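Asker: What follows is a structure written as structure tokens; I'll ask about it next.
Any read-out appearing in this document is the output of simple, stated calculations on the displayed coordinates, not a laboratory observation. This is a predicted model, so every value here is computed, not measured. FYI the Cβ positions are ideal-geometry reconstructions off the backbone, even for glycines, and counts take in every protein chain you see.
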Amino acid sequence: MKNLLTSLILFTCIAHSHAQKDSSAKCKARIFSISAELGVPPWLSMQQVKQSDYQSLVPNNEMLNADYSGFKSSPGYAFMNPGFQGMPGIKVYADLGGKKYRKEIYFGLSFSKEYVSGISYNRESYDTIGVFIDPANNKTLYDIVSINDYYNFSIVSNRWMIPLGFNFTSNQDKFFWISLGLQIAPSISTNYKFVSGHTQNTIEYLLEPGEEVKYGNGYQKSNHIGFSAKQTSSSLSGLGFGLYVSAPVSVYMHPFKRAKFLKHLNPMISASPYFGLAKHKYSNMLSGFGTIVSAGLRYNW
């Protein structure tokens with residue numbers, strides 16, 4: 001990381017020096033800060049797939065080879081658990097100086113899980129298992145069981161992003177200070193996995209004649225009978241590549257000005273509108289836009 005950052009600083013220095021009218025101008029870039037952040041990862045559109053697309057990749061998956069006639073199908077990845085959902089990252093900053101606004105460049109590394117494609121199948125069925133007379137009011141009650149089966153299949157991967165950026169910052173000695181900039185982050189996706197899952201939710205209802213089973217209303221009484229979940233995963237080979245362009249806006253606090261160590265710490269929050277593109281072995285070109293929100297701690301020395 002340090003070698004790459006040094007190369008970035010050197011390139012900036014050369015460009016900066018050529019832009020100076022005074023040929024004796026020198027670049028005074030220096031590494032002066034490091035930060036650690038935890039944010040919400042960027043999301044792109046998902047590849048639309050069919051059951052047969054996955055069967056060729058994972059031919060011996062029992063859930064994938066089942067018959068889903070009578071099920072509703074939809075693209076998506078709800079109820080899946082590919083792992084940790086956040087995006088931790090670190091950045092190293094180099095100061096380029098500046099009078100009214102300080103200029104800085106940075107280099108970093110972040111990690112997150114990534115959804116590539118997905119499809120789900122859902123079916124809800126009802127069965128009347130008994131009829132009762134309520135002794136309190138002599139009303140007839142029907143004992144009905146609702147069974148909801150949900151099958152989900154998706155491809156997920158590990159995404160490593162390398163943010164490279166340039167910022168303008170306000171006075172970093174103030175209690176509050178801000179930075180605004182532009183960032184380009186190439187990414188590489190590895191460790192692909194095909195994930196399949198099945199959840200079944202069973203609910204019992206006691207209904208009067210004419211009542212409908214509706215969540216939240218329309219029933220006199222319900223009793224949750226059971227919930228079951230099963231998930232399997234299979235490793236897939238391949239790599240993917242992406243590029244994300246964003247405009248980070250960060251707000252920092254500098255509350256500890258007298259304590260020897262704490263005076264270097266700057267808690268921060270950041271919002272980064274982005275546009276991204278990615279190409280995977282198991283997808284066409286994917287794209288998307290949104291806002292990455294993160295929080296972290298920056299150490300200036």
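Asker: If residue 287 satisfies every condition in (1) surrounded by fewer than 15 Cβ atoms within 10 Å (Cβ to Cβ); (2) polar (S, T, N, Q); (3) touching a Ser or Thr at 6+ places or on another chain (Cβ under 9 Å); (4) more than 28 Å from residue 90 (Cα to Cα) but one, which is the exception?
Answerer: So residue 287 meets the others, but not (4).
Asker: Could I ask something else about it? Looking at the stretch 166-182, I want the residues that are assigned to a strand (DSSP E or B) and have a partner that is among the basic types (Lys, Arg) and surrounded by 15 or more Cβ atoms within 10 Å (Cβ to Cβ) with Cβ atoms under 9 Å, at least 6 apart or on another chain. Which pairs are those?
Answerer: Within 9 Å, the pairs are 166/103; 167/102; 167/103; 168/102; 168/103; 169/102; 169/103; 179/102.
Asker: If you don't mind, another one. Examine the stretch 147-162 for a residue that is part of a loop (DSSP other than H, G, I, E, B) and farther than 26 Å from residue 85 by Cα, and state whether such a residue exists.
Answerer: There is no residue in the stretch 147-162 that is part of a loop (DSSP other than H, G, I, E, B) and farther than 26 Å from residue 85 by Cα.
Asker: Of the residues 257, 281, only one is loosely packed, with under 14 Cβ neighbours inside 10 Å and either more than 17 Å from the chain's Cα centre (by Cα) or outside any strand (DSSP E or B) (or both); which?
Answerer: Going through 257, 281 in turn, just one is loosely packed, with under 14 Cβ neighbours inside 10 Å and either more than 17 Å from the chain's Cα centre (by Cα) or outside any strand (DSSP E or B) (or both): 257.
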